[in-house]
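Shown next, in structure tokens, is the structure this report addresses.
The values are calculated or read from the model by the stated rules, or taken from the named source; none is laboratory data. Since this is a predicted model, take the numbers as computed values, not measurements. Methodologically, a virtual Cβ is constructed for each residue, glycine included, from the backbone with ideal geometry; neighbour enumeration extends over all protein chains shown. For the accessible areas, the whole protein counts, side chains as well, though only heavy atoms, and no ligand, DNA or RNA atoms are used. Shrake-Rupley method; radii C 1.70, N 1.55, O 1.52, S 1.80 Å.
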Amino acid sequence: MAGEAVRREIIESWQRSKQSNVNPRMSLLPIPMPKEIATQAVTDDWIYQRDLNHENVFSYYNLLSTTKSVIFYTDKNLTIVIQRGNAELLALLNSIHIGIGTNLNENAVGTNAVALANLTLQQSVVIGAEHYIDAFQEFACTSLPNFDEFGDIMSFSLLITKLDALQPLEFEVFKYFAISGQSYTSLKLRELELNMINELLRLSFDQQDKGLILLDERGTILRINECLIQTFHLEEKSLHRKHLAQIFPELVPLFNKSHHTGISIQFEEIQIQNRDGLTKTFFVDILPISKNGQQTGIAIGLTDSRRIHKVVNTLSRSHAYFTFKDLIGSSSAFTAAKSMAEDAAQSASNVLIIGESGTGKELFAQSIHNASSRHRGPFISINCAAIPRELIASDLFGYVEGAFTGARKNGAPGKFELAHKGTLFLDEIGEMPLEMQSVLLKVLEDKIVTRVGGSKPIPIDVKVISATNRNLSESIKTKEFRLDLYYRLNVIKIDIPPLRDRQEDIPLLIQHFISQFNSILHKNISNLTPEAMDLLMYYSWPGNVRELRNIIERSMNICRSSQLTINHLPKEVVDIGFSTFTQQPNAAGLKHKIVHELAEKINEKNQIMNLMKKYSGNKSRVAEELGISRTTLYRKLETINPSPKS
């Protein structure tokens, strides 16, 4: 360096090194940190770029061996984490503590190329005596910062060669390798992303409302769209080059399945936990991306289940919640109906459910759907009696744009289309207008629908379950229902018995509803008194199970004790039930007990109300005359006229 002017940046670095009390006579660098700790900083991003750019990387490593040079990679804190190159030179450098775990900060080892590159954020060169400490004096070094896609420092590359072995243009080759390597990586990534973005257009129906993830074939995340970032409160930088398992482990089994088979996955329901520990349900679409017969990545679409349900529920209920476990009863008539329904679930044939209002026809239909091979498909329910005659065709079969005044732009699918690959439940089928029955028959025979106002046939794959409380045989006689449609619908017939014909099931149902409403109403009611149970057993139940559920809920709302008594039951139910019960030939003994109990309750109630009127509501005077405490009086008044719950 004699006779040559020392560069300003070198002089300034010497000054800083001196101020940091770095020993210029240092021939050994400080002992490096353990290799196991240092290499923890080797990020997924580095490994990813190395694998993506492996041909360039390994060809350059071979070049280093022949030119007797070595290359080090440091993390952004300037600690060496990777070393490659000439084995002889590596051994020499490691012997003076330059290797994995060495920190090259200026305040630790003085002037060096990595420290200057960190300061200037561009290539730096430090040769021989320009270094501050003796340990570096016989080496020539150059360093380049490596940036990620966001412009942030990811690492530093450091090339070291001995002064006496320095080749002309070696530093330029190093710079070319580093820059071209990063450019190659960026181009490769861009090619992958553009290819998948184009393919993704086939998958996404609304990117603003749908989470999208782009992965390479190894499951490394390339990009996540804004919808998913906002939904899970993620930071885009924190996702960079992470594996899918690190961010969304719940998706890994589906990713592996699609990746290994090369088959796309559609509409798979899954639950994903967010950072708050809460789970959300999504429907997942997974599309393998291939180019020239080679799988290059995977595209994943996530749609919030609430959005799907909202879209479908604007037209109909779309999910079956009940299963055969929810069908309560042990009577022979009921178990026969349930057994027939279980057989129907395993069949592809249409089903006709007959039963009075309130017997649970839709519960049976949902249970059949959930036990069938179509359980992953939609369950669409339509009440044929609730739709205006002029709208049944468009509701069932859909319509095209401009089909009628008020038709939506782009038209709308009908219930048959929505139920594709699932089940369509036609409730109150006996109320369907005669003119529509012929159209329905043709759809069932051809398995094709044509939207109102359109001409394009749409194939459908739907299992039809119909239900009615009418006697269809009588409707056929009066020409209100088509015989040919009846035969098409009535392949498997299920007769659900009314509640009055399955008395032994009443206690089971009552206990089921008490348990259900204990949870909903925050009660702790155990059962009914025997007298109350007897009255309900002999009630006629015109509203069937639906009415029983209503009566238990009403009674539990006003009950303040651990048992439901006659006094809690609705008056009309007590009157009818008692009238029916007293006509039973074996009711004499218990009848007297119930009559006596009711008479006592009525007399006590009348006495209390008369005294309350006599003493203008003075409860102390009323309690005194009755010979009971004020607490007991309050309890009796609450039973007579319960206060509303807050």
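Could you tell me the center-to-center distance, by alpha carbons, between the range 611-641 and the range 119-146 in angstrom? Each part's Cα centre sits 100 Å from the other's. Charged neighbours of ASN86, selected by a Cβ distance under 11 Å, balance to +2 (K, R count +1; D, E count -1). With 31 Å as the limit, the listed pairs LYS291/LYS456; LYS76/LYS291; LYS456/LYS477; LYS210/LYS415 have LYS291/LYS456; LYS76/LYS291; LYS456/LYS477 beyond it between alpha carbons.
Given a 1.4 Å probe and the protein chains as shown, HIS512 ends up with an accessible area of around 70 Å².
Which listed residue (VAL573, ILE465, ASN557) has the Cα farthest towards the positive end of the charge dipole for the range 437-583, taking +1 on Lys and Arg C-beta and -1 on Asp and Glu C-beta about the Cα centre? Result: ILE465, furthest along the dipole toward the positive end.
Provide the FRET efficiency to the nearest 0.05 for the ILE229-LYS614 pair, computing r from the beta carbons and using R0 = 56 Å.
Calculated transfer efficiency: 0.15.
3J(HN,Hα) couplings calculated from phi for the range 417-429 with the Karplus curve 6.51 cos²θ - 1.76 cosθ + 1.60 (θ = phi - 60°) are, in sequence order, 5, 5, 8, 3, 6, x, 10, 10, 9, 9, 7, 6, 4 Hz; Gly and Pro show x. With θ taken as phi - 60° and the Karplus curve 6.51 cos²θ - 1.76 cosθ + 1.60 applied, the whole-hertz 3J(HN,Hα) list for the range 621-628 is 5, 5, 4, 5, 5, 7, x, 10 Hz, x standing for glycine and proline.
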